[in-house]
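K.L.:
Dropping the structure in here first, questions after.
The values are calculated or read from the model by the stated rules, or taken from the named source; none is laboratory data. Everything numeric in this text was worked out from a predicted model, so none of it was measured. In this analysis, Cβ positions are derived from the backbone assuming ideal geometry, glycine residues included, and neighbour counts consider all displayed protein chains.
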Amino acid sequence: MHDPIIKDQLASLNLDFLVSMLFLLIITSSIISIAEGRLTTVEKTEQSVETRLISEKVAHAIEVVYSSGEGHEIRIKMPSRLKGSDYLVKVNQSGVLVMVGGRRGYSFSYMKKISSYNTHQTQVFMSPGKSYIIRNMKVNNNSHTVAILED
Amino acid sequence: MKKILIVDDNQAQLPLEFLMVVGFSLIITISLVVGLSDSNELNQAMTASRTGALDGSVSDGLAMYPEDAFNEYKKDHLRLLNPSSVKIIKIDYINQGLSPVYRKTKIQLRIHASSPHLADKSDRNCMGDRINFYARKKICESFHTENLTNSFFNPAFSNNYVFTTADVRWE
């Protein structure tokens, strides 16, 4: 049988261990509550950034299509969810509105005609997980419209 | 097995000294614990307020707002619907003593922030209100006292403190 390296008949080492663990627990619990709050903030921030990116991406695509002339088109694939939340994108002649988790973000664009390819509505909804083609179309000889159609 | 005594202590002086040391230690520890728990609570509240202020600055910075605020800004503060740079610089607090109304120590928070590209005063007020709102909200969430306050989380409560916010100071 092995000889013990340290003789500790009064169990002072056990006592030290317990006291150290107590302090460690107190410190850890306070750090965990701080970390939890920060993690929630990070998740919300990530969702807000992704939402803003979607709205800017769609608004930018509309601007590029409009300024590039007749026949120019851009295909956009919408993400299925934004950080686990459903969302909806609404496009009209003045900009792009994204709604997610009770919050809204808006990207302005230069006033122009927007229409749905099939229904000719001036307000178009873009749904999560679907692909869309944004196309510049000529209407009434002189004017152009940005048509959004589901791919 | 024969035990070796290191010290002869027939009059039990060592246990007496031990008891005295333990007694003094207890008195000191208890008085420290009261002060430390108060400091810990204030520290937790300040951390929560900083996290909340960050939430508010992210919301302001990315121009992502709840529906009612969005509709209000669409009417009167169109500039706020565009993203802007918002930075929280520091959070100060002033201890205003015991509040006779709530019977808790009243703390006023003052958040210092910066947004160099936003010059309009009323726009800044709106942004500041949002930052303050989220700071108070996070304090209430941290201490689970949402049911003690109103929908603006003003004032925010912890166990021994009541928190209000001064207008955000823009630098």
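K.L.:
Would you pick out the residues in segment A:9-40 that are within 40 Å of the chain's Cα centre (by Cα) and acidic (Asp, Glu)?
P.N.:
A:Glu36, the sole residue that qualifies.
For (1) closer than 30 Å to B:His112 by Cα; (2) at the interface with another protein chain (Cβ under 9 Å from one of its Cβ atoms); (3) touching a strand residue (DSSP E or B) at 6+ places or on another chain (Cβ under 7 Å); (4) not aromatic (Phe, Trp, Tyr), each residue gets a yes or a no:
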site	(1), (2), (3), (4)
B:Phe24	no, no, no, no
B:Asn40	yes, yes, no, yes
B:Asn43	yes, yes, no, yes
B:Ser49	yes, no, yes, yes
B:Asp60	yes, no, no, yes
B:Glu67	yes, yes, yes, yes
B:Leu78	yes, yes, no, yes
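K.L.:
When you check A:Ser85 against the structure, is it polar (S, T, N, Q), touching a helix residue (DSSP H, G or I) at 6+ places or on another chain (Cβ under 9 Å), within 14 Å of chain B (Cβ to nearest Cβ) and farther than 26 Å from A:Val42 by Cα, yes or no?
P.N.:
no
K.L.:
Here is a further query. Being surrounded by 14 or more Cβ atoms within 10 Å (Cβ to Cβ) and either more than 25 Å from B:Cys126 (Cα to Cα) or over 11 Å from the mean Cα position of the chain (by Cα) (or both) is the filter here; which residues of segment B:147-159 pass it?
P.N.:
Matches in segment B:147-159: B:Leu148, B:Thr149, B:Phe153, B:Asn154, B:Pro155, B:Ser158.
K.L.:
Same structure again: With the requirement that a residue be in contact with an Asp or Glu (Cβ under 9 Å, 6 or more places away or on another chain) and farther than 16 Å from B:Ala63 by Cβ, what does segment A:39-66 give you?
P.N.:
Selection gives A:Thr40, A:Thr41, A:Val65.
K.L.:
A further question on this structure: Restricting the search to segment B:80-92, which residues are within 10 Å of chain A (Cβ to nearest Cβ) and loosely packed, with under 15 Cβ neighbours inside 10 Å?
P.N.:
B:Asn82
K.L.:
Please find, within segment B:104-123, the residue that is farthest from the chain's Cα centre (by Cα) out of those that are in a strand (DSSP E or B) and more than 15 Å from B:Lys87 (Cα to Cα).
P.N.:
Checked segment B:104-123; the qualifying residue farthest from the chain's Cα centre (by Cα) is B:Lys104.
K.L.:
Can you find, within segment A:1-30, the residue that is modelled with the lowest pLDDT among those that are facing another protein chain (nearest Cβ under 10 Å) and part of a helix (DSSP H, G or I)?
P.N.:
Among residues in segment A:1-30 that are facing another protein chain (nearest Cβ under 10 Å) and part of a helix (DSSP H, G or I), the one modelled with the lowest pLDDT is A:Ser30.
K.L.:
Kindly indicate the residue of segment A:118-151 that is buried (at least 16 other Cβ atoms within 10 Å of the Cβ) and not hydrophobic (A, V, I, L, M, F, W, C) and also nearest to the chain's Cα centre (by Cα) among those meeting that condition.
P.N.:
Filtering segment A:118-151 for residues that are buried (at least 16 other Cβ atoms within 10 Å of the Cβ) and not hydrophobic (A, V, I, L, M, F, W, C), the one nearest to the chain's Cα centre (by Cα) comes out as A:Pro128.
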